[in-house]
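Here is the structure we will look at.
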Amino acid sequence: DIQMTQSPSSVSASVGDRVTITCRASQDIGSWLGWYQQKPGKAPKLLVYGASSLQSGVPSRFSGSGSGTDFTLTISSLQPDDFATYYCQQTNSFPRTFGQGTKVQIK
Amino acid sequence: DVQLVESGGGLVQPGGSLRLSCAASGFSFSSYSMNWVRQAPGKGLEWISYITSSSDTEYYADSVKGRFTISRDNAKNSLHLQMNSLRAEDTALYYCARGKHYDTSGYYFDYWGRGTLVTVSS
């Protein structure tokens, strides 16, 4: 199975800050990587697919990059609506493993 | 609008069984593969099962293989998860999620339900 490791596990940031979350796969997954946002009590929401493509309706302050084993999700200017937990997921093979999540908290 | 509504969760004793359902609407259900994803209280997301649009292929996480069975009824726009031999560690919120292929970019979960809670306890 492919293991997905996110860092950091949590980050405290202020509105307007640039936030970067990293996701590392245990083996090459090409660009088969998605990022999801989950707010408390809500279902996850797809933000990025194919490592760098924004899902329709997702604000342009979100961006994804990377390929192979190392990926990043960047929020260029953190907004109040962005405080949530973020998960990466590989879709290269089954099982479709998720990272353990990164919680973005208010500083 | 696409809607996925899970049901069937509840309290069950260890070793017991439960059948979850997911009612789909707002899209051509028979054209999409589907998934179940769970989230234990305070924990992260765990993908547990996948089924193709025509039910010809299924996959399971090792944690549920041999105990859970995914199925679907395209005539009724519904997805199911039969859960047997339940354990305390199966306690979680269970989501159904639609899978979508994005050209050559891979396969992702573009719509999710709100989940149904399964609690395994004596």
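Just checking, does region B:11-25 include any residue being in contact with a strand residue (DSSP E or B) (Cβ under 7 Å, 6 or more places away or on another chain), assigned to a loop (DSSP other than H, G, I, E, B) and under 28 Å from residue A:88 (Cβ atoms)? Within region B:11-25, none of the residues are in contact with a strand residue (DSSP E or B) (Cβ under 7 Å, 6 or more places away or on another chain), assigned to a loop (DSSP other than H, G, I, E, B) and under 28 Å from residue A:88 (Cβ atoms).
Would it be correct to say that residue B:86 is buried (at least 19 other Cβ atoms within 10 Å of the Cβ), among the aliphatic types (A, V, I, L, M), more than 13 Å from the chain's Cα centre (by Cα) and more than 12 Å from chain A (Cβ to nearest Cβ)? So residue B:86 passes the test. List the residue pairs whose Cβ atoms are under 7 Å apart, where the first residue sits in region B:104-122 and is more than 8 Å from chain A (Cβ to nearest Cβ), the second is assigned to a loop (DSSP other than H, G, I, E, B) and of a type in the set (Lys, Arg), and the two are 6 or more positions apart or on different chains. So the pair list comes out as B:120/B:87.
The single residue among A:79, A:55 that is more than 13 Å from chain B (Cβ to nearest Cβ) and of a type outside the set (A, V, I, L, M) turns out to be A:79.
Filtering region B:89-122 to residues that are among the basic types (Lys, Arg) and either in a strand (DSSP E or B) or surrounded by 19 or more Cβ atoms within 10 Å (Cβ to Cβ) (or both) leaves B:98, B:100. Just give me the residues in region A:1-46 being within 17 Å of residue A:78 (Cα to Cα), away from chain B (no Cβ under 13 Å) and not acidic (Asp, Glu), in sequence order. Correct list: A:8, A:11, A:12, A:13, A:14, A:15, A:16, A:18, A:19, A:20, A:21, A:22. Taking residue B:35 as the residue in question, decide whether it is under 17 Å from residue A:97 (Cα atoms) and at pLDDT 95 or above. Criteria met by residue B:35.
Please tell me if residue A:79 is more than 12 Å from the chain's Cα centre (by Cα) and free of Cβ contacts under 8 Å to residues at least 12 places away in the same chain.
Criteria not met by residue A:79.
Taken together, A:74, A:91 contain a single residue that is within 21 Å of residue A:4 (Cα to Cα) and either away from chain B (no Cβ under 13 Å) or of a type in the set (A, V, I, L, M, F, W, C) (or both), which is A:74. When restricted to residues that are of a type in the set (Ser, Thr, Tyr), assigned to a loop (DSSP other than H, G, I, E, B) and within 18 Å of residue B:100 (Cα to Cα), region B:44-73 contains 5.
The values are calculated or read from the model by the stated rules, or taken from the named source; none is laboratory data. On a predicted model such as this, the values are computed, not experimentally measured, just so you know. When we count neighbours, we look across all protein chains shown, and the Cβ atoms used for this are built from the backbone with ideal geometry, even at glycine.
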